[in-house]
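Novice: A single structure is presented below for examination.
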Amino acid sequence: MKKSWIVIAIIIIIGILLYSWVKGTYNHMVTEQEHVNKQWGDVENVYQRRADLIPNLVATVKGYATHEKETLEGVINARAKATQTTIDAGNLTAEKMAAFQQAQDGLSSALAKLMVVVERYPDLKANQNFLELQAQLEGTENRITVERRKFNEAARKYNTYIKLFPKNILANLFGFDVKPYFEAQEGAETAPKVEF
């Protein structure tokens, strides 16, 4: 009789320890996932800030560079595509991240072309509104870089946690998926060629 009580007590203790471990691991995965989701929100926030600056920038340039219609339309179209491409933080996949990144890269490229056009208009480059918008856009681009780095770090920490054994078993059991990273643009590893 005494042995059966000892066995029951041991089973209860093991059950409590197992429950505590599963609960703690699950809750930690949720916490890390929420941190990744929060960082994703911060990334979207700075991209939205950039998108919000573009109409004012285009309007300012339009006043000076009326015959640069194609470039201005390119920026407007790229902005529209970038703002339409959104991802739910809870459903980040590599494919969706690639589509989001491609839309944002298209907008960056269109803005770069716009800045090249601006070089042809000295009066525009001296316009106070344009200078302020340009400074805000540069600051926003820096924020984008910082927030993307923070997102990648949060995703790395989360991904590492859910891949470690035996936590990976619980991650698979409870549906915790690996989060994709922001990656450098294709060709970013080579320096641009400058000719004079």
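Novice: Considering (1) under 19 Å from Lys96 (Cα atoms); (2) modelled with pLDDT of 90 or more; (3) among the hydrophobic types (A, V, I, L, M, F, W, C), say which one Ala184 fails and leave the rest.
Specialist: In the conditions (1) under 19 Å from Lys96 (Cα atoms); (2) modelled with pLDDT of 90 or more; (3) among the hydrophobic types (A, V, I, L, M, F, W, C), Ala184 misses (2) alone.
Novice: Give, as residue ranges, the helices (runs of 4 or more DSSP H) completely inside the range 38-141 that count at least 1 residues that are among the β-branched types (Val, Ile, Thr) and touching an Asp or Glu at 6+ places or on another chain (Cβ under 6 Å). Before the answer, list the steps.
Specialist: Values: elements: 69-84, 94-118, 122-126.
Correct list: 94-118.
Novice: Hey, another quick one. Return a yes/no flag: does the range 28-41 have any residue that is more than 20 Å from the chain's Cα centre (by Cα), within 18 Å of Lys179 (Cβ to Cβ) and not aliphatic (A, V, I, L, M).
Specialist: Checked against the condition, which is being more than 20 Å from the chain's Cα centre (by Cα), within 18 Å of Lys179 (Cβ to Cβ) and not aliphatic (A, V, I, L, M), the range 28-41 yields at least one hit.
Novice: Being β-branched (Val, Ile, Thr) and out of contact with any helix residue (DSSP H, G or I) (no Cβ under 6 Å at 6 or more places or on another chain) is true for just one of Val116, Val75. Which residue is that?
Specialist: From the options Val116, Val75, the qualifying one is Val116.
Novice: In addition: Just the residues that are touching a helix residue (DSSP H, G or I) at 6+ places or on another chain (Cβ under 6 Å) and surrounded by fewer than 17 Cβ atoms within 10 Å (Cβ to Cβ), please, taken from the range 52-61.
Specialist: Correct list: Asn56 only.
Novice: Hey, among Thr93, Thr190, which residue is at pLDDT below 85 and more than 15 Å from the chain's Cα centre (by Cα)?
Specialist: Exactly one residue qualifies, and that residue is Thr190.
Novice: May I pose another question? Considering the range 62-85 alone, what residues qualify as being within 21 Å of Arg120 (Cβ to Cβ), modelled with pLDDT of 80 or more and β-branched (Val, Ile, Thr)?
Specialist: Those that are within 21 Å of Arg120 (Cβ to Cβ), modelled with pLDDT of 80 or more and β-branched (Val, Ile, Thr): Val75, Ile76.
The values are calculated or read from the model by the stated rules, or taken from the named source; none is laboratory data. Small disclaimer: the values here were computed from a predicted structure and weren't measured. Don't worry about glycine lacking a Cβ; one is built from the backbone with ideal geometry, like all the others, and counts go over all protein chains shown.
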